[in-house]
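Taking it in order: structure first as structure tokens, then the write-up.
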Amino acid sequence: MIAFGMEGELHPHLALISGLKASNQAPLVRIHSECMTGDVFGSKRCDCGAQLDQALVRIGKEGGCLVYLRQEGRGIGLVEKLKAYNLQDGGLDTIQANEALGHPADARSFEDAAAILQALDMTQVRLLTNNPDKVKELEANGVRVVNREPLVIAPLAENASYLEVKRTLMGHWLD
Ligand SMILES: [Zn+2]
């Protein structure tokens, strides 16, 4: 595991690397944004924990890298995310809740991930994602996505409406 950040950084981005199993294949890469509730505590409000688990299994098998970005709550931080969850319990969807708190629907950036991949010499990758913005941002920052591979988790009762918002309003490839 490699940590990336300024000297003294308390919350560095992380890269977990698994050696390539087939030398003729581009590394399999997953860019995962921190979600403490999903990643650590297994919350089923979102699909983050299941996506993280599945990505680690595949990268372990095929070789590549998981980039763990410290942008909790789609970039608004843990406290604001928990406030948004309270608003969602009152009937707002995940986008409306963020906007009611004065945040964009998605405040994440994937530029740091592109810089990390470049530092690791992974400039041609197979990217595990459902999110078109990630592909665009990597390509715009010097990392070529030679193949996009889906990472679809079967919806649960608890997160079906969240996934539907991702699909219909945020343009994620979840069909
Ligand atoms: Zn999550």
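Structural remarks
- Selection status of K44, surrounded by fewer than 19 Cβ atoms within 10 Å (Cβ to Cβ), part of a loop (DSSP other than H, G, I, E, B) and in contact with a Leu (Cβ under 8 Å, 6 or more places away or on another chain): yes
- Within the set L78, L52, L101, the sole residue that is of a type outside the set (S, T, Y), in contact with a strand residue (DSSP E or B) (Cβ under 9 Å, 6 or more places away or on another chain) and within 28 Å of R167 (Cβ to Cβ) turns out to be L52.
- In region 19-41, the qualifying residues are those that are in contact with a Gly (Cβ under 7 Å, 6 or more places away or on another chain) and at pLDDT below 95, and the one that is surrounded by the fewest Cβ atoms within 10 Å (Cβ to Cβ) is G19.
- Residues satisfying the stated conditions in region 71-115, i.e. polar (S, T, N, Q) and within 16 Å of the ligand (Cβ to nearest atom): Q71, N86, Q88, T94, N98
- Unmet requirement for L151, which otherwise passes all of (1) modelled with pLDDT under 95; (2) out of contact with any strand residue (DSSP E or B) (no Cβ under 8 Å at 6 or more places or on another chain); (3) under 21 Å from E34 (Cα atoms): (2)
- Inspection of region 11-27 identifies no residue that is in a loop (DSSP other than H, G, I, E, B), of a type in the set (S, T, N, Q) and touching a helix residue (DSSP H, G or I) at 6+ places or on another chain (Cβ under 6 Å).
- Filtered residues of region 76-106 (kept if in contact with an Asp or Glu (Cβ under 7 Å, 6 or more places away or on another chain), closer than 21 Å to V40 by Cα and not basic (K, R)): L78
- Some residue of region 87-104 being more than 20 Å from G171 (Cα to Cα) and touching a Lys or Arg at 6+ places or on another chain (Cβ under 7 Å): yes
- Tabulated pairs, region 4-21, first farther than 21 Å from G64 by Cα, second basic (K, R), C-beta under 8 angstrom, 6+ apart or interchain: H11/R70
- Scanning region 21-66 for residues that are within 16 Å of the ligand (Cβ to nearest atom), of a type in the set (A, V, I, L, M, F, W, C) and under 21 Å from E137 (Cβ atoms) yields I31, C35, C46, C48, L52, A55, L66.
The values are calculated or read from the model by the stated rules, or taken from the named source; none is laboratory data. Predicted model only: the values in this text are computed from it and were never measured. Neighbour counts are summed over all protein chains in view; Cβ atoms, including those assigned to glycine, are modelled from backbone coordinates with ideal geometry.
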